[in-house]
Amino acid sequence: NIPAIGRLAQLRVNLMRLRELVALKPDDRYILVNAAAFQLEAVERGRVELRHRVIVGKTERQTPTVRATIRALNFFPYWRVPESVATLDLIPRLVNEPEYLQQEKIRVLTGSYNGPEIDSSSIDWRQADGKKLRFRQDPGPQNALGFVRIDMPNSEGVYMHDTPMRHLFNQRWRAFSAGCVRVQDVFTLVEWIAKYETGWDQPGRTQDILAAGQAIDMNL
């Protein structure tokens, strides 16, 4: 009972998706995120080698269609809170919970994400302007990106990453993010991404990095 105009819209959307997939060569190595299915596949030479559950964007902040190249792996990353998240989520929360910044180790900065730090207790959050302030969360177990960020530069500013809220992967409906993609068992995926890099031919390298506890930006 779908009207013809609705079916036509579906065909147009999926024709675009099919054209993008057909452009892939048989020997390509890529990751395909199916946001609607809350699933990720790692493919090499036409064979699905890994399949992971993912968390994607909320209904009102959907994960966009993106095609990008993975350039780096960022271990123990800072989270630079996007302006939209700061304006829509963080600042409204701080009106009633100003202590949230200290709990989550989030710093308030001016000008840029590397700008001077401000004493958050001096800010009236009811009047705060999310376009003038910048928020940066320190690395650690509380970090919204978890322990690793998969860097894939694109115009939408989205990427894949770990998460401290791993219990959400048990949900059937997994649209909880602000647009980026959180990956279950992300370190298995990280090792698949890096397996042809020097020193990554043996499994367990990520565990060595995590045990060392030092921030590393690994360019691929």
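The values are calculated or read from the model by the stated rules, or taken from the named source; none is laboratory data. Model, not experiment: these values are computed from the prediction. Glycine also receives a Cβ, built like all others from the backbone with ideal geometry; neighbour counts cover every protein chain displayed. These area figures cover heavy atoms from the full protein model, side chains too; ligands, DNA and RNA do not enter into them. Shrake-Rupley method; radii C 1.70, N 1.55, O 1.52, S 1.80 Å.
So here's what we get for this one:
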{"quantity": "Highest to lowest packing among 157-169, 57-69, scored as the average C-beta count within 10 Å", "calculated": "157-169, 57-69"}
{"quantity": "Nearby lysines by direct alpha-carbon distance to residue 131 (threshold 18 angstrom, same-chain neighbours under 8 apart not counted)", "calculated": "none"}
{"quantity": "Radius of gyration and Dmax over the Cα atoms of region 1-130, both given in Å", "calculated": "21.0, 58"}
{"quantity": "Accessible surface, region 119-196, averaged per residue in Å² (probe 1.4 Å)", "calculated": "50 Å²"}
{"quantity": "Residue among 109, 32, 21 with the largest mean-square fluctuation in a Gaussian network model of the chain, springs linking Cα atoms under 10 Å", "calculated": "21"}
{"quantity": "Residue with peak Gaussian network fluctuation, the chain [Cα springs, cutoff 10 Å], from 17, 174, 149", "calculated": "17"}
{"quantity": "Residues whose placed amide H lies under 5 Å from that of residue 148, excluding near-sequence neighbours", "calculated": "76, 162"}
{"quantity": "Note, ³J(HN,Hα) from phi for region 162-177, Karplus 6.51, -1.76, 1.60, rounded to Hz, x at Gly and Pro", "calculated": "6, 7, x, 9, 6, 5, 5, 5, 7, 7, 6, 9, 10, 9, 10, 8"}
{"quantity": "Ordering of 89-95, 207-213 by burial proxy (mean other Cβ atoms within 10 Å per residue, highest first)", "calculated": "89-95, 207-213"}
{"quantity": "With every protein chain in place, the chain: carbon and sulfur % of accessible area (1.4 Å)", "calculated": "49 percent"}
{"quantity": "Surface/4 of the Cα convex hull for region 139-220, nm²", "calculated": "6.2 nm²"}
{"quantity": "Within a Gaussian network of the chain (alpha carbon springs, distance under 10 Å), most fluctuating of 137, 184, 102", "calculated": "102"}
{"quantity": "Reciprocal of mean inverse Cα separation for the chain (Kirkwood radius, Å)", "calculated": "19.3 Å"}
{"quantity": "Selection of trypsin sites (Lys or Arg not before Pro), region 94-135, meeting DSSP coil and at most 12 other Cβ within 10 Å", "calculated": "126, 131, 132"}
{"quantity": "Cross-link partners of residue 58 among aspartates and glutamates (Cα-Cα below 14 Å; sequence separation of 8 or more within a chain)", "calculated": "89"}
{"quantity": "Dipole moment magnitude, nearest 20 debye, the chain about Cα centre, only Lys, Arg, Asp, Glu C-beta charged", "calculated": "880 debye"}
